[in-house]
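Remarks on the structure that follows.
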Amino acid sequence: MSDIAQRVKAIIVDKLGVEESEVVAEASFTNDLGADSLDTVELIMEFEKEFNISIPDDQAEQIGTVGQAISYLEANVK
Amino acid sequence: MNLKRVVVTGIGALTPIGNNVEEYWQGLTNGVSGAAPITKFDASLFKTQFACELKNFDIESHIDKKEARKMDPFTQYAMIATDEAMLDSGLDLEKINLNRAGVIWGSGIGGLKTFQDEVMYFAQGDGTPRFNPFFIPKMIADISTGYISIKYGFKGPNFVTVSACASGTNAIIDAFNYIRLGKMDVTICGGSEAAVTQAGIGGFNAMKALSQRNDSPETASRPFDKDREGFVLGEGAGALILEEYEHAKARGAKIYAEVVGGGMSADAHHITAPHPEGEGATNVMKSALEDANMKPEDIDYINVHGTSTPLGDISEVKAIQKVFGDHAYKLNISSTKSMTGHLLGAAGAIEAIAGILAIKHQEVPPTINHFTDDEEFDNKLNFTFNKPQKRAVNAILSNTFGFGGHNCSIILKKI
């Protein structure tokens with residue numbers, strides 16, 4: 001697992017209060033991990049903080065699963 | 001109009017001298033001070049470096065970690081005190097009409113820590129507006145009643161009263177009014193506050209409102225003592241279940257006391273200084289007595305606002321003497337803030353509970369930390385200095401006054 005993937009998973013475990021074993025690539029924040037709309041916004045914000053980037057709203061809306069978050073960050077974090 | 005009778009059927013307390021009602025009463029009657037050096041942040045640069053913080057308190061043993069994270073401490077405290085009061089009341093949520101069950105809570109400030117942390121985070125950045133989506137819903141004072149209603153499914157009236165240090169009493173009086181008007185059967189009411197933060201201590205310090213007795217925190221809150229020099233900030237929550245009397249009787253509920261009268265007034269004088277002759281305080285006690293249809297002689301114990309400030313204590317005692325005349329010498333007066341510190345919007349709630357417990361145990365908790373008499377006070381008055389006193393307690397009056405000139409008094413009676 002990449003360093004980015006590990007950091008993303010740690011944030012999700014912390015913010016959503018879920019078990020690490022649940023945080024799999026295909027898990028949806030809202031359908032599988034119990035996030036509501038505010039939790040999802042907070043997750044994006046935490047990713048921005050952790051990786052020191054800015055994720056535009058239209059792109060943030062496309063990030064709905066753990067895997068999508070990891071791929072987006074792996075492609076965009078310098 | 002035929003008003004309903006209103007009784008207290010459950011209580012919960014989370015205070016600097018005890019994390020539940022039983023511990024709170026032990027602390028009150030043992031004369032325990034809740035003051036100690038601040039542990040929540042490094043206070044070494046602050047004029048006041050102590051407060052009455054909650055102790056031995058682990059939030060996660062009360063609230064699920066994921067939920068707790070979305071709540072400011074003032075809401076966490078509200079949930080914990082409410083849980084105790086609801087359990088104590090024995091209310092069966094399946095058997096009551098939830099549309100006639102409400103939540104009215106008091107908080108002087110709301111989520112001060114959340115506000116402070118979020119604004120500081122923004123201020124330390126480069127100006128890019130990045131705010132946590134939970135910033136507003138964690139901070140707003142009314143979120144406490146929102147959470148309580150969600151947990152218990154109470155769908156009746158739901159709001160927060162904001163009248164600074166009178167907020168808790170305000171909430172109880174509002175609940176009392178809705179129930180006696182027949183608008184609700186049951187109300188969770190009370191107050192919570194969590195202002196022991198840099199912004200809270202710094203802000204009150206700037207007003208010269210807080211004691212700065214850093215070399216002896218436990219003796220700093222000394223209402224009516226000659227050397228009092230400010231209040232001690234406290235935190236926590238108090239919750240009461242108010243219930244329409246017939247509703248309570250029908251389900252065989254344990255009844256602590258009856259709420260018989262409430263008074264509200266404004267000083268209309270100064271934003272923070274009390275009226276020098278205690279005009280608003282006089283009016284509010286009179287109006288509470290009138291509302292209760294009681295005479296001054298009917299009151300056995302006054303739990304005073306008595307914050308240990310030089311001026312506030314004097315004007316309140318002047319008001320008591322005006323309202324109670326010679327009977328002022330026969331009743332017990334005490335400021336339990338000498339032990340708990342000043343819980344701002346939660347003060348009225350935990351002090352009403354102190355009054356209820358005084359009725360239950362027929363014992364008046366003391367005003368601790370009395371060292372030197374102040375000639376400003378009539379020495380024939382009984383301030384219940386330093387030790388609790390056993391006595392017949394049939395009816396109590398509790399005063400709370402807030403910055404802004406808000407005054408609230410409530411009267412509770414043995415049933």
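What whole-number distance in Å separates the alpha-carbon centres of region B:203-259 and region B:354-415?
What the calculation gives is 11 Å, centre to centre.
List the residues of region A:33-56 for which accessible area in the full set of protein chains is at least 50 Å² lower than for the chain on its own; 1.4 Å probe, protein heavy atoms only.
A:Leu38, A:Glu42, A:Met45
Protein chains only, probe 1.4 Å: how do B:Tyr329, B:Tyr147 rank by accessible area, largest first? Intermediate results must be reported in sequence, preceding the final value.
On the way: B:Tyr329 75, B:Tyr147 45 Å².
Sorted by accessible area, descending: B:Tyr329, B:Tyr147.
Show which aspartates and glutamates lie in cross-link reach of A:Lys78 when reach means a straight Cα distance below 15 angstrom and same-chain residues fewer than eight apart are skipped.
A:Asp3, A:Glu48, A:Glu50
Which value, in Å² rounded to 10, gives the accessible area of B:Arg222 with a 1.4 Å probe and all protein chains present?
20
If I take all pairs of Cα atoms in region B:263-413, what percentage of them are more than 19 Å from each other?
47
State, in square angstrom and to the nearest 100, the accessible area buried between chains A and B, both chains counted, probe radius 1.4 Å.
Roughly 1100 Å² of accessible surface disappears when A and B pair.
For the pairs B:Lys66/B:Lys95; B:Lys151/B:Lys387; B:Lys95/B:Lys414; B:Lys4/B:Lys380; A:Lys9/B:Lys113; B:Lys286/B:Lys414, flag any whose C-alpha to C-alpha distance is greater than 32 Å.
Violating the 32 Å limit, Cα to Cα: B:Lys151/B:Lys387; B:Lys4/B:Lys380.
Note down, for region B:7-250, the three equivalent ellipsoid semi-axes (square root of 5 times each alpha carbon gyration tensor eigenvalue), biggest first, whole angstrom.
31, 23, 15
Which entries in the list B:Lys322/B:Lys360; A:Lys15/B:Lys183; B:Lys318/B:Lys360; B:Lys47/B:Lys413 go over 32 Å, if you measure between the two C-alpha atoms of each?
In this structure, A:Lys15/B:Lys183; B:Lys47/B:Lys413 exceed 32 Å between Cα atoms.
Nearest 5 is fine: what % of DSSP beta bridges in region B:263-413 come out antiparallel, could you say?
Around 65 percent antiparallel, to the nearest 5.
Quote the relative contact order of region B:263-413 in percent (integer), defining contacts as alpha-carbon pairs under 8 Å separated by 6+ residues. Write down the numbers at each step before the final one.
Details: 299 pairs, mean separation 51.5, N = 151.
Contact order relative to length: 34 percent.
Beyond 39 Å, how much of the Cα-Cα pair distribution for chain B remains, as a whole percent? Intermediate results must be reported in sequence, preceding the final value.
Details: 10750 of 85905 pairs.
Tail of the P(r) past 39 Å holds 13 percent of the pairs.
Regarding the protein assembly as shown, what is the average projected area of its C-alpha convex hull, in nm²?
In nm², the orientation-averaged hull projection of the protein assembly as shown is 24.9.
From Cα pairs below 8 angstrom and at least 6 apart in sequence, can you work out the relative contact order of chain B, rounded to a whole percent?
Worked out over chain B, it gives 24 percent.
Note the direction-averaged projected area, equal to a quarter of the hull surface, for the Cα convex hull of chain A, in nm². The partial results should precede the final answer.
Numbers: hull surface 18.2 nm².
Mean shadow area of the hull around the Cα atoms is 4.5 nm².
Do the sum for chain A: with -39,500 (n - 2.57) for every DSSP H run of n ≥ 4, divided by all residues, what is the mean residue ellipticity at 222 nm, to the nearest 500 deg cm²/dmol?
Calculated from helices alone, the mean residue ellipticity at 222 nm is -17000 deg cm²/dmol.
In the protein assembly as shown, what percentage of the DSSP-assigned beta bridges are antiparallel, given to the nearest 5? The partial results should precede the final answer.
Details: 41 of 63 bridges.
Percentage antiparallel, nearest 5: 65.
Summarise the accessible area of region B:263-413 (1.4 Å probe, protein heavy atoms) by the percent that is carbon and sulfur.
Carbon and sulfur together cover 51 percent of it.
Quick one: in region B:157-302, what % of C-alpha pairs are over 24 Å apart?
Value for region B:157-302: 49 percent of Cα pairs lie more than 24 Å apart.
Quick check: Cα centre of region A:1-58 to Cα centre of region B:107-171, how many Å?
Computed from Cα coordinates, the inter-centre distance equals 25 Å.
Given only helices, namely DSSP H runs of n ≥ 4 each adding -39500 (n - 2.57), what is the per-residue ellipticity at 222 nm of chain B, to the nearest 500 deg cm²/dmol? Before the final figure, lay out the partial values.
Numbers: 13 runs with 136 residues, N = 415.
Mean residue ellipticity, 222 nm, calculated: -10000 deg cm²/dmol.
The values are calculated or read from the model by the stated rules, or taken from the named source; none is laboratory data. What you see is a predicted model; the values in this text were computed from it and never measured. Heads up: the accessible areas ignore ligands, DNA and RNA and are worked out on the full protein's heavy atoms, side chains in. Shrake-Rupley method; radii C 1.70, N 1.55, O 1.52, S 1.80 Å.
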